[in-house]
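**Student:** Mind having a look at this structure? Questions to follow.
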Amino acid sequence: MRSLEKLQAIDRRILYLLLALAVAIPLYKPIGLPFTVGAEARDSFNYVEQNIKPGDLVLMSFDMSTGSLPELEPVAIAVMAHLAKKGASIIGIATAPDGPMLAWQIWRPFEKELPYGERFVNLGFLAGGESGLAAFLENPYAVFRQDIRGNLAQNIPMLKGFKDVKDLKMMVSINTGPTGGCSVAQWVRIGFTTHKKAVWIGLNAVMAPGSMPYYRSGQLKGYVAGTRGAGEYEMLLKRPGLAIAGMDAQAMAHALIILFIFLGNIGMFAVKRAKGQRGGVKP
Amino acid sequence: MRRTVPGIILFVVGFLIVVDFFFKIPVINNLSRDIRNWVTLIANIAIGLGGANLLMVHTRNVQRKKREWEHSVVLVVLFAVTVILGISRSTNDRFYRFIFDNINVPIGSTLFATAAFQMASASYRTFRVRNIESAMLLITGVLVMLGKVSLGEMIASWFPALAQWLLDVWNTATQRGIMMCTAIGLVMASLRVIVGLERSHFGAGE
């Protein structure tokens with residue numbers, strides 16, 4: 001019984017070590033656990049597949065911080081690859097300060113498919129949150145006179161046909177959350193409610209439950225959450241990448257945490273029994 | 001005066017923005033558009049002000065050798081280098097990129113990853129079946145955790161569907177309730193600010 005009681009006070013360093021192994025080993029040697037594509041990723045993929053035509057202008061906002069990069073980079077890469085494949089031109093902005101630098105990192109592998117100035121432009125950081133976004137969509141060149149490289153925005157070839165929000169086909173936000181820039185709710189308010197544009201969001205898994213109502217109500221046309229969502233998208237795109245590689249690690253980490261929760265509860269009931277108290281669920 | 005003038009500005013700006021949203025009146029729509037453009041300008045100035053304030057606070061820490069002043073030295077030096085490089089050679093400069101890629105990105109990712117370890121430890125210590133509510137929370141949490149990874153599909157094919165049902169029905173319904181309440185509360189709070197009933201954001205009185 002004493003050994004069972006110890007289960008509720010396992011040294012956290014043991015948990016940390018096991019968690020590190022549970023993540024590292026599958027990343028080093030993938031297990032290849034099977035997974036099916038969910039409705040959300042499929043709908044998000046289909047929206048781009050069916051609605052984006054060559055030459056369409058898509059606003060892609062890198063509302064992300066360096067902290068969320070490991071989780072959001074696969075989402076951003078997957079959707080950028082899809083947009084590149086469909087022939088869209090991408091106007092990059094960022095409502096989070098780290099965003100413009102991360103946009104380079106994400107765009108770099110697509111340098112040939114999306115030549116700078118012709119099919120991709122990085123306009124930089126947009127301050128002012130929701131109001132800043134509203135101002136940009138109505139009068140982009142009053143907000144960004146130059147791109148991040150110092151080129152006059154109105155002289156950039158791919159921006160010739162971009163006067164305001166009406167010229168955009170879709171808006172994509174790779175979103176860390178309200179601490180990193182415009183939140184999902186703000187994108188819905190400005191992009192969908194005010195301008196009736198399709199809004200497509202890639203977000204951290206932890207933000208998914210809070211953003212789900214917008215997707216269910218049709219205010220979001222795309223909704224890809226975390227590593228799992230990105231993995232499903234990569235699968236649909238037939239372009240295995242960072243997310244699929246991380247799926248096994250995520251599964252192992254979840255399994256380990258559930259195992260520890262289970263052990264902790266066994267320990268708690270063992271202590272209760274030892275103290276002569278009645279275990280189980282109390283009303 | 002310190003409160004009256006900002007109060008009048010706030011009322012006019014708030015009124016214009018609200019009217020602009022609901023009505024098509026060219027004069028008001030144009031004014032509202034200009035105000036939104038000013039916001040980006042003010043926000044940029046605020047960022048500069050925040051940076052200057054941060055620099056002042058940490059420079060003072062170093063001068064007065066306050067507790068952990070060594071950290072302030074690191075901040076001041078890196079702040080100065082980053083700002084000077086960014087302004088003089090642009091954010092495309094390779095030294096600027098080097099700082100961002102090799103300091104900012106690894107630190108940010110490490111901190112985020114550390115949070116996962118802390119969350120794992122916290123889950124282990126707090127998810128205990130102490131009553132009906134905690135049992136429901138635990139069961140739901142485990143079902144969603146399993147259903148959202150490929151392991152759940154291996155255990156039972158219905159796991160993902162069950163996790164999705166919990167998210168779609170129970171979670172969405174609850175989140176909508178919270179959103180509605182928050183939105184109504186926000187409208188009331190905004191109205192109080194616009195009409196001047198709420199003045200605490202102006203700071204101390206005259």
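The values are calculated or read from the model by the stated rules, or taken from the named source; none is laboratory data. In this text, all values refer to a predicted model and were calculated from it rather than measured experimentally. Heads up, the Cβs are rebuilt from the backbone with ideal geometry, glycines too, and the neighbour counts pull from every protein chain shown.
**Student:** Looking only at region B:132-143, decide whether some residue is charged (D, E, K, R) and within 7 Å of chain A (Cβ to nearest Cβ).
**Tutor:** Scanning region B:132-143 turns up no residue that is charged (D, E, K, R) and within 7 Å of chain A (Cβ to nearest Cβ).
**Student:** Continuing with the same structure: Just need a number here: residues in region B:25-46 that are within 13 Å of chain A (Cβ to nearest Cβ) and over 24 Å from the mean Cα position of the chain (by Cα).
**Tutor:** 6
**Student:** While we're here: Tell me, which residue of region A:120-163 that is among the basic types (K, R) and under 22 Å from B:D93 (Cα atoms) is farthest from the other protein chains (Cβ to nearest Cβ)?
**Tutor:** Out of the qualifying residues, it is A:R145.
**Student:** Another one. All but one of (1) more than 23 Å from A:I93 (Cα to Cα); (2) of a type in the set (S, T, Y); (3) in contact (Cβ under 8 Å) with a residue 60 or more places away in the chain hold for A:T179, so report the exception by its number.
**Tutor:** With respect to (1) more than 23 Å from A:I93 (Cα to Cα); (2) of a type in the set (S, T, Y); (3) in contact (Cβ under 8 Å) with a residue 60 or more places away in the chain, A:T179 is out only on (1).
**Student:** From the list A:G180, A:G132, A:G210, pick out the single residue that is surrounded by 15 or more Cβ atoms within 10 Å (Cβ to Cβ), under 20 Å from B:I42 (Cα atoms), modelled with pLDDT under 95 and within 19 Å of the chain's Cα centre (by Cα).
**Tutor:** So the residue among A:G180, A:G132, A:G210 that is surrounded by 15 or more Cβ atoms within 10 Å (Cβ to Cβ), under 20 Å from B:I42 (Cα atoms), modelled with pLDDT under 95 and within 19 Å of the chain's Cα centre (by Cα) is A:G180.
One line per residue, one yes/no per condition, for (1) part of a helix (DSSP H, G or I); (2) touching a residue at least 40 places away in the same chain (Cβ under 8 Å); (3) within 13 Å of chain B (Cβ to nearest Cβ):
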| site | (1), (2), (3) |
| --- | --- |
| A:I25 | yes, yes, no |
| A:Q50 | yes, no, no |
| A:G67 | yes, yes, yes |
| A:I93 | no, yes, yes |
| A:A96 | no, yes, yes |
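**Student:** Residues in region A:31-48 that are touching a helix residue (DSSP H, G or I) at 6+ places or on another chain (Cβ under 8 Å), more than 20 Å from A:D167 (Cα to Cα) and in a helix (DSSP H, G or I): how many?
**Tutor:** The number of residues fulfilling the criteria is 6.
**Student:** Among the candidates B:T182, B:T140, which residue alone is farther than 18 Å from A:A225 by Cα, exposed (fewer than 14 other Cβ atoms within 10 Å of the Cβ) and among the hydroxyl-bearing types (S, T, Y)?
**Tutor:** B:T182
**Student:** So, one more: Identify, please: which residue in region B:87-112 is at the interface with chain A (Cβ under 7 Å from one of its Cβ atoms) and assigned to a helix (DSSP H, G or I) and is, among those, surrounded by the fewest Cβ atoms within 10 Å (Cβ to Cβ)?
**Tutor:** Once the filter is applied, the top-ranked residue is B:L111.
**Student:** Among the numbered criteria (1) free of Cβ contacts under 8 Å to residues at least 12 places away in the same chain; (2) at the interface with chain A (Cβ under 9 Å from one of its Cβ atoms), which single criterion is violated by B:G185?
**Tutor:** Evaluating B:G185 over (1) free of Cβ contacts under 8 Å to residues at least 12 places away in the same chain; (2) at the interface with chain A (Cβ under 9 Å from one of its Cβ atoms) leaves (2) as the failure.
**Student:** Moving on. Got a sec? Which of A:K169, A:K196 is more than 10 Å from chain B (Cβ to nearest Cβ), without any contact (Cβ under 8 Å) to a residue 24 or more places away in the chain, surrounded by fewer than 24 Cβ atoms within 10 Å (Cβ to Cβ) and more than 18 Å from the chain's Cα centre (by Cα)?
**Tutor:** After applying the criteria, what remains is A:K196.
**Student:** Is it true that some residue in region B:77-94 is of a type in the set (D, E) and at pLDDT 90 or above?
**Tutor:** No.
**Student:** Cβ-Cβ below 8 Å, separation at least six or inter-chain, first residue in region A:1-14 and surrounded by fewer than 16 Cβ atoms within 10 Å (Cβ to Cβ), second among the basic types (K, R): which pairs?
**Tutor:** Cβ pairs passing all conditions: A:M1/A:R273.
**Student:** So, in region B:189-202, of the ones that are surrounded by 11 or more Cβ atoms within 10 Å (Cβ to Cβ) and of a type in the set (A, V, I, L, M), which residue ends up farthest from B:V5 (Cα to Cα)?
**Tutor:** Among them, the one singled out is B:A189.
**Student:** Moving to a separate point now. Can you confirm whether region B:172-184 contains a residue that is over 15 Å from A:S211 (Cα atoms) and among the β-branched types (V, I, T)?
**Tutor:** Scanning region B:172-184 turns up at least one residue that is over 15 Å from A:S211 (Cα atoms) and among the β-branched types (V, I, T).
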